[in-house]
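Everything on this sheet refers to the single structure shown next.
The values are calculated or read from the model by the stated rules, or taken from the named source; none is laboratory data. Since the model is a prediction, treat every value here as computed from it, not as a measurement. For neighbour counting, all protein chains shown are included, and Cβ atoms are generated from backbone atoms with ideal geometry for every residue, glycine included.
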Amino acid sequence: MANSQHANFDAVIVGAGFAGMYMLHSLRDKLGLSARVYETGNGIGGTWYWNRYPGARCDSDSYVYCYMFDQRLLREWEWSERYPEQPEILRYLNHVADRFDLRKDIRFNTRVTEARFDENANRWTIRTEAGEVVTAKYFIGAVGCLSASNLPKFKGLETYQGKHYHTGHWPHDGVDFTARRVGIIGTGATAVQAIPVIAQQAKRLTVFQRTPNFCVPARNGKVDPEVANARKADYDAIRERIRNSSFGFELSFIEKSALEASPEERERTFNAMWDQGGFSFWLANYQDMFFSKEANEVCAEFLRGKIRETVKDPAIAEKLIPKTYLYGTKRQPLDSNYFETFNKPNVLLVDVNETPIEEITPRGIRTSDREHELDIIVFATGFDAMTGPLKKIDIRGRGGQTLSRKWDDGPHSYLGVAVAGFPNMFTITGPGSPSVMSNMPVSIEQHVEWITGCIEHMRQHGLATMEARTDAEAQWTAHVAEVANASLFPTADSWYLGANIPGKPRVFMPYLGGVGPYRQKCDEVAAKEYEGFTFTA
Ligand code: FAD
Ligand code: NAP
């Protein structure tokens, strides 16, 4: 057994992104527990360690895309832009790791492959790919919702003689596109960021689009120092507002139906949100946008008009206009010159519904009508979201039941944080919690603090195990589905439902009930001596 001196921990945490880092700090420095983090990557940062593609930056405003648990940290860090680029976010997270001396308890380059609950010892045994074995009372998944990249099986990929990259595993020394013929598959939030930047460098960029996206301008830029200072002075109030909000932002819906507003009023409102940029068009629009197809349609039509205004060739504009799903039911990408990029002479749009990709050849990509010769192929094909990273670990709870098997028909979870039959296991931003339907650091902090509360409760009462009850889990899972089904979200083939992964059960995974109400529910559960959980002494 490797490192036997420290082979038994109070807690083992998997993942060293926003979630795992704060979980480590919380358990080690607030509760004084022994904790070890395992991380596949060779550094901290998670999403911001892996996603180094050109144009990668956050879509959440930087003043809320950060930890809020420490006043000094909040005040000392200066963001350079409204949406900082990946290197800056990674620098921030490294600053946090330094500040709280986190690295000494993180094992990098180490993938956790197995975790088994031992019912006699009431402990988890955790194995790594390299064969290290440790035990822990608590097993905590901080594996990320978007960390298992999805590389679809394209016939002939192994024969391709050029270079190919997935955006979620981008080389650390970058990729030089100068004078290259580049192909990119995918037009999700990642590709929307990457395409304008790659198009500036590449000799030719061919975009292979399956589903077009409604995009809203990010409107990135420097933040006025006066605004930044005012926010710093007001952080306590900002934190309260975002913690009790719907989506973890300082945004709330217009308390009116889109259909009640006159066309002139709507136009003014839409244009104001369009000019403001960011998520307001998506998350602070008329309140019935996610519930009424007619209300949704007027929002969609405004955005279609913007695409038609921006893209010079009407035939290309039509291809870029979404027609197969309702606005906002797929994640809203923010763009900087995305549609403008299709006016460039070196950019070609291929609609793979018209001319499907048949195979990847040694020289490029063959669609049904021709071969596209390419020096580089970029796969911006997304992730096996939410359940993917957890299912990749062989997790076994009571009676040897595997999590993967239990979730065969979709995730079952109590509050998105605990699973019946898997005692002392917690999932940070697991399926069934607001997670990806929120500004994630807000949801991550809430989960970490709530889990810390559970563990402190167990310590104070000398408890050996804490486990979600099957009935509580079933009720919560049904509630998550009920809330989703009351909205228009499940009508789209999105990754929120696993629709991007062949064979994945079609279940809406995040909780749509809102960050504030969810927090309240978790607090009530804790106040009622952890209602819905059983404990053993
Ligand atoms: P991650 O950052 O994904 O970290 C999880 C870590 O766990 C990874 O490093 C992974 O290597 C490790 N891991 C997983 N399995 C194992 C294993 N078996 N063994 C060892 N290690 C393992 N959210 C927002 O709210 N706003 C944004 O603007 C935003 N921008 C994003 C941009 C991109 C390109 C992407 C992909 C996502 C973005 N997100 C955004 C979502 C983002 O994932 C979260 O904001 C946040 O970074 C998640 O942190 P995390 O710690 O939960 O997970
Ligand atoms: P994504 O939204 O899942 O997009 C993947 C793209 O690849 C889609 O256009 C998809 O088409 C296409 N695709 C997948 N398989 C294909 C195939 N076999 N053939 C052709 N096309 C295929 O993934 P993503 O863009 O990486 O974004 C994932 C999530 O990460 C985002 O929604 C967001 O939450 C987060 N993210 C955030 C930011 C940010 O905040 N700054 C940036 C990037 C990503 P279909 O739509 O038809 O499936």
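The conditions of being over 30 Å from the mean Cα position of the chain (by Cα) and on the phi < 0 side of the Ramachandran plot are met by Arg363. Does Arg231 satisfy being farther than 22 Å from Tyr325 by Cβ and either over 26 Å from the mean Cα position of the chain (by Cα) or surrounded by 14 or more Cβ atoms within 10 Å (Cβ to Cβ) (or both)? Considered against the rule, which asks whether it is farther than 22 Å from Tyr325 by Cβ and either over 26 Å from the mean Cα position of the chain (by Cα) or surrounded by 14 or more Cβ atoms within 10 Å (Cβ to Cβ) (or both), Arg231 comes out as yes.
Within region 498-518, if we keep just the residues that are in a helix (DSSP H, G or I) and crowded, with 22+ Cβ neighbours inside 10 Å, the residue that is nearest to ligand 2 (Cβ to nearest atom) turns out to be Val515. All conditions in (1) assigned to a strand (DSSP E or B); (2) out of contact with any Lys or Arg (no Cβ under 9 Å at 6 or more places or on another chain); (3) outside the structural domain of Arg519 (by TED's automatic domain parsing) hold for Leu348, with the sole exception of (2). Gly55 passes every criterion in (1) in a loop (DSSP other than H, G, I, E, B); (2) surrounded by fewer than 22 Cβ atoms within 10 Å (Cβ to Cβ); (3) near ligand 1 (Cβ under 9 Å from one of its atoms) apart from (3). Set side by side, the residues Ile455, Ile428 differ, and just one is out of contact with any strand residue (DSSP E or B) (no Cβ under 6 Å at 6 or more places or on another chain) and within 12 Å of ligand 1 (Cβ to nearest atom), which is Ile428. Against the definition (hydrophobic (A, V, I, L, M, F, W, C) and in a helix (DSSP H, G or I)), how does Val298 come out, yes or no? When the stated conditions are applied, Val298 passes them. Of the residues making up region 188-219, those that are part of a loop (DSSP other than H, G, I, E, B) and within 16 Å of ligand 1 (Cβ to nearest atom) number 5.
For region 233-241, the criterion of being assigned by TED's automatic domain parsing to the domain that holds Asp375, within 16 Å of ligand 1 (Cβ to nearest atom), assigned to a helix (DSSP H, G or I) and touching a residue at least 24 places away in the same chain (Cβ under 8 Å) is satisfied by at least one residue.
Taking into account only those residues within region 166-187 that are outside any loop (DSSP other than H, G, I, E, B) and within 14 Å of ligand 1 (Cβ to nearest atom), which is nearest to the chain's Cα centre (by Cα)? For region 166-187, the residue satisfying everything is Gly168. Going residue by residue through region 392-402, is there one that turns out to be under 30 Å from Lys137 (Cα atoms), within 22 Å of the chain's Cα centre (by Cα) and among the small types (Gly, Ala, Ser)? Looking through region 392-402, none of the residues is under 30 Å from Lys137 (Cα atoms), within 22 Å of the chain's Cα centre (by Cα) and among the small types (Gly, Ala, Ser). If you go through region 28-51 and keep only what is within 16 Å of ligand 2 (Cβ to nearest atom) and crowded, with 22+ Cβ neighbours inside 10 Å, you end up with Gly45, Gly46, Trp48, Tyr49, Trp50, Asn51. For region 367-383, the tally of residues that are away from ligand 1 (no atom under 16 Å from the Cβ) and crowded, with 18+ Cβ neighbours inside 10 Å stands at 6.
Can you find a residue in region 318-335 that is modelled with pLDDT of 95 or more, more than 19 Å from Ala218 (Cβ to Cβ) and not in a loop (DSSP other than H, G, I, E, B)? Yes, because at least one residue in region 318-335 is modelled with pLDDT of 95 or more, more than 19 Å from Ala218 (Cβ to Cβ) and not in a loop (DSSP other than H, G, I, E, B). From the list Ile395, Ile444, Ile377, the one residue that fits, being assigned to a helix (DSSP H, G or I) and at pLDDT 95 or above, is Ile444. Of the residues examined, Met68 is not one that is assigned to a helix (DSSP H, G or I), aliphatic (A, V, I, L, M) and more than 16 Å from ligand 2 (Cβ to nearest atom).
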